[in-house]
Amino acid sequence: MTSLQELPQVQNCAVSSCSYNADSACHAGAITITADHAHCGTFVEISFRGGLDRSGLVGACHRSDCRHNDKLECTAPGVQVGPGADAADCLTYEAR
Ligand code: SF4
C-alpha cells in the first residue's frame, strides 16, 4: 500500500441509518474499521446527511487478525459494510 488511490472502496453499505449513507453507498471520505468485531468506527446517526459526492474508502483498519489486513491497512479489492455483530460492521472480514 503506497498511496491514497490504492485504498479499497466501500463497495456497498447496508446501514441506511448512517448519516454518510445514501442509496446503499458510503459517502464518508474514508472510514476506520475498529478492532472490536470489525465495527465501522465512522458510523454515525445525526439528524442530517453528510459526506462527499463519491464512494468512501477504507482509510484504516485496526482488525489486524483479518487476512486482508497488512500493517493496519486493508488490502481487499473493496469491502462491504452492513449489520453484523453490531449495526455497522465490515462484512468482508475474514479470519487469517
Ligand atoms: S476486509 Fe479485513 S482488513 Fe479490510 S476493512 Fe474489513 S476487517 Fe479490515
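The values are calculated or read from the model by the stated rules, or taken from the named source; none is laboratory data. It should be emphasised that the depicted structure is a prediction, and the values quoted were computed from it without experimental measurement. Here the Cβ is made from the backbone with ideal geometry for all residues, glycine too, and neighbour counts use every protein chain on show.
Quick look at the numbers
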item	result
Within the range 57-90, tally of residues that are more than 6 Å from the ligand (Cβ to nearest atom) and surrounded by fewer than 20 Cβ atoms within 10 Å (Cβ to Cβ)	20
The range 39-50, subset in a loop (DSSP other than H, G, I, E, B) and not aliphatic (A, V, I, L, M), residue surrounded by the most Cβ atoms within 10 Å (Cβ to Cβ)	T42
Hits in the range 21-32 - residues which are part of a strand (DSSP E or B) and buried (at least 19 other Cβ atoms within 10 Å of the Cβ)	N21, C26, I31
Scope the range 1-32; condition touching a residue at least 60 places away in the same chain (Cβ under 8 Å) and within 13 Å of A88 (Cα to Cα); matching residues	V10, N12, C13, A14, V15, S17, C18
Every residue from the range 51-96 that is in contact (Cβ under 8 Å) with a residue 12 or more places away in the chain, outside any loop (DSSP other than H, G, I, E, B) and farther than 18 Å from G29 by Cα	C66, D70, A95
Pairs with Cβ under 7 Å, 6+ apart, first in the range 35-50 and within 10 Å of V15 (Cβ to Cβ), second surrounded by fewer than 14 Cβ atoms within 10 Å (Cβ to Cβ) and not basic (K, R)	E45/S17
Residue count for the range 1-20, restricted to those that are part of a strand (DSSP E or B) and under 17 Å from G84 (Cα atoms)	4
Within the range 31-53, considering residues that are more than 18 Å from S17 (Cβ to Cβ) and out of contact with any Gly (no Cβ under 9 Å at 6 or more places or on another chain), the one farthest from the ligand (Cβ to nearest atom)	D53
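Per-residue answers, yes or no, for (1) modelled with pLDDT of 95 or more; (2) under 25 Å from C66 (Cα atoms); (3) of a type in the set (A, V, I, L, M, F, W, C):
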| position | (1), (2), (3) |
| --- | --- |
| A14 | yes, yes, yes |
| S19 | yes, no, no |
| A22 | yes, no, yes |
| A30 | yes, yes, yes |
| T34 | yes, yes, no |
| H37 | no, yes, no |
| G41 | yes, yes, no |
| S47 | yes, no, no |
| L52 | yes, no, yes |
